[in-house]
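Enquirer: Mind looking over this structure? Questions follow.
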């Protein structure tokens, strides 16, 4: 389910906490979904009962990745994430980091990909101060959105040069 209202998200979280559900939170751009994303999200989901994915808005992706990104707009990316089996909730956010969202959710587990050092994960101190666990999940290095985009550009350049 895609949740755009912080008030609604608060109610959802409160109910899960009351039921004793363990909440896992991760975030990212998720521009071009590939097997590496799926593997990562499946591993994240196994840590708890509910997986909430914070999704960078289009403007925050541009600020993080450059003016040519995202390839797919926020609505497209949210829709795709929402359809993935491990994902329970998708929550778009516009800031450069999901710290406000993390404070609202107070997840039991905060996870990022293995390319992130735990000490650099936004929200780490807050989550740990509330007894939560911060984990870095090993990524499948064969897959990355940047590599896919670069392969497409390289392939198109070869086609242009061979004409």
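What follows draws every value from the coordinates through simple rules; no lab data is involved. Quick caveat: nothing in here was measured; it's all calculated off a predicted structure. All Cβ positions, glycine included, derive from the backbone under ideal geometry; neighbour counts span all protein chains shown.
Enquirer: I need the peptides 16-23, 72-79, 27-34 ranked by packing, meaning the mean over residues of other C-beta atoms within 10 angstrom, with the highest value on top.
Expert: Values: 16-23: 13.8, 72-79: 16.6, 27-34: 20.2.
Descending packing order for the listed peptides: 27-34, 72-79, 16-23.
Enquirer: What number, in percent, do you get for the relative contact order of region 1-66 if the mean sequence gap of Cα pairs under 8 Å and at least 6 apart is divided by its residue count?
Expert: Working: 47 pairs, mean separation 23.9, N = 66.
Normalised by residue count, the contact order of region 1-66 is 36 percent.
Enquirer: Which percent, to the nearest 5, of DSSP beta bridges fully inside region 1-158 are antiparallel? Display every interim value, and only then the final one.
Expert: Details: 0 of 19 bridges.
Around 0 percent antiparallel, to the nearest 5.
Enquirer: Can you give the calculated 222 nm mean residue ellipticity of the chain, where each DSSP H run of n ≥ 4 adds -39,500 (n - 2.57) and the sum is split over every residue, rounded to the nearest 500 deg cm²/dmol? Before the final figure, lay out the partial values.
Expert: Values: 7 runs with 71 residues, N = 163.
When only DSSP H runs of four or more count, the value is -13000 deg cm²/dmol.
Enquirer: Of (i) 0.98; (ii) 1.09; (iii) 1.86, which is the value of Cα Rg over 2.2 N^0.38 Å derived from the coordinates here?
Expert: Recomputing Cα Rg over 2.2 N^0.38 Å here gives the entry labelled (ii).
Enquirer: Once the Cα atoms of helix 6-18 and of the chain are each reduced to a long axis, what angle between those two axes, in degrees from 0 to 90 to the nearest 10, is obtained?
Expert: It is inclined by approximately 60 degrees.
Enquirer: Pairing the Cα long axis of helix 35-45 with the longest principal axis of the chain, what angle in degrees results, from 0 to 90 and rounded to the nearest 10?
Expert: 0 degrees
Enquirer: What do you get for the angle between helix 145-161 and the principal long axis of the chain? Use alpha-carbon atoms, 0 to 90 degrees, nearest ten.
Expert: 10 degrees
Enquirer: Output the peptides 83-90, 4-11 sorted from most to least packed, where packing is the average of other Cβ atoms within 10 Å over each peptide's residues. Write down the numbers at each step before the final one.
Expert: Values: 83-90: 17.9, 4-11: 11.8.
Averaged packing, sorted descending, gives the order 83-90, 4-11.
Enquirer: Relative contact order for region 6-161: what is it in percent, counting Cα pairs under 8 Å that are at least 6 residues apart?
Expert: Working: 234 pairs, mean separation 40.0, N = 156.
Relative contact order here is 26 percent.
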